[in-house]
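K.L.:
Before we start, here is the structure in question, set down as structure tokens.
The values are calculated or read from the model by the stated rules, or taken from the named source; none is laboratory data. Note that the structure is predicted; figures quoted are calculated from it, not measured. We place every Cβ from the backbone using ideal geometry, glycine too, and count neighbours over all the protein chains shown. Surface areas here come from the heavy atoms of the whole protein model, side chains and all, with no ligands, DNA or RNA. Shrake-Rupley method; radii C 1.70, N 1.55, O 1.52, S 1.80 Å.
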Amino acid sequence: MLTKKKFDALILDIDGTIWNTTGIVAIAWNRAVDMSGFDAPKVNAQTLQNEFGKTMDVIAKDLWPNLERSKRDILMSYCCSEEQIALKENTLDICYPGVVETIKELSASENIYVVSNCQSGYIELTLEKTGLTDYVKDFECFGRTGKGKAENLQLLVSRNRIQHPVYVGDTQGDADACLQAGIPFVWASYGFGKAEQYYDTIENFPAIKTLFEE
């Protein structure tokens, strides 16, 4: 492992890192499938765990390859709408243990950001539902820019004049994006996916604090 250095920014992934929405989202997306009237297969939480972390257009193609692009786009828009409604109405604690407390504690001395491949509005909803809006300085996502995670990481880093960022995510896709963006990647091994190359790994969210110890 490389010698740890002082980072000046913590950039977080959402799904599989901050919380697990897949059970709630599966129900919402299946409702969207019914609404669409398209001949599209239903999903379940495990299916979504395998897909989350990819951009929305790629997820739609993976889940419904037999639908033409225009129908996939329509169905995904339905899915996003139903997902937003379901998450707004959710009263269960779906965060991983220690997430909210750790982010609040770290924010007193560190700059915290979010970059995700999600749709527009999802990050705002996540922060609202977790009570973390005031603790995250900036964010970026695929839904807003149409760009992948590597480019969005670079956009956020440039915009905030960050010198030494670190990104925490749970998939090899996150690792690949960080490699492309030139940002150290920390693998959240408790999340949805696997990663083969990483600067460091954490087995639980509060362990993030060790990255900022002198």
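K.L.:
For segment 5-16, give me each residue that is surrounded by fewer than 22 Cβ atoms within 10 Å (Cβ to Cβ) and assigned to a strand (DSSP E or B).
P.N.:
Passing the criteria: only Ala9.
K.L.:
For segment 111-127, give me each residue that is open to solvent by 30 Å² or more (accessible area, probe 1.4 Å) and either closer than 21 Å to Ile24 by Cα or at pLDDT below 95 (or both).
P.N.:
Correct list: Ser120, Glu124.
K.L.:
Out of all the residues in segment 17-25, is one or more part of a helix (DSSP H, G or I) and open to solvent by less than 20 Å² (accessible area, probe 1.4 Å)?
P.N.:
yes
K.L.:
Considering only residues that are among the acidic types (Asp, Glu) and in contact (Cβ under 8 Å) with a residue 12 or more places away in the chain, which ones fall in segment 78-123?
P.N.:
Glu82, Glu83, Glu101, Glu105, Glu110
K.L.:
Being in contact (Cβ under 8 Å) with a residue 12 or more places away in the chain, open to solvent by 70 Å² or more (accessible area, probe 1.4 Å) and of a type outside the set (Asp, Glu) is the requirement here; does Met35 meet it?
P.N.:
Yes.
K.L.:
Out of all the residues in segment 81-110, which are assigned to a helix (DSSP H, G or I) and open to solvent by 20 Å² or more (accessible area, probe 1.4 Å)?
P.N.:
Ser81, Glu82, Gln84, Ile85, Lys88, Glu89, Val100, Glu101, Lys104, Glu105, Ser107, listed by residue number.
K.L.:
Against the definition (of a type outside the set (Val, Ile, Thr), open to solvent by less than 20 Å² (accessible area, probe 1.4 Å) and touching a residue at least 40 places away in the same chain (Cβ under 8 Å)), how does Leu48 come out, yes or no?
P.N.:
So Leu48 does not fit the description; no.
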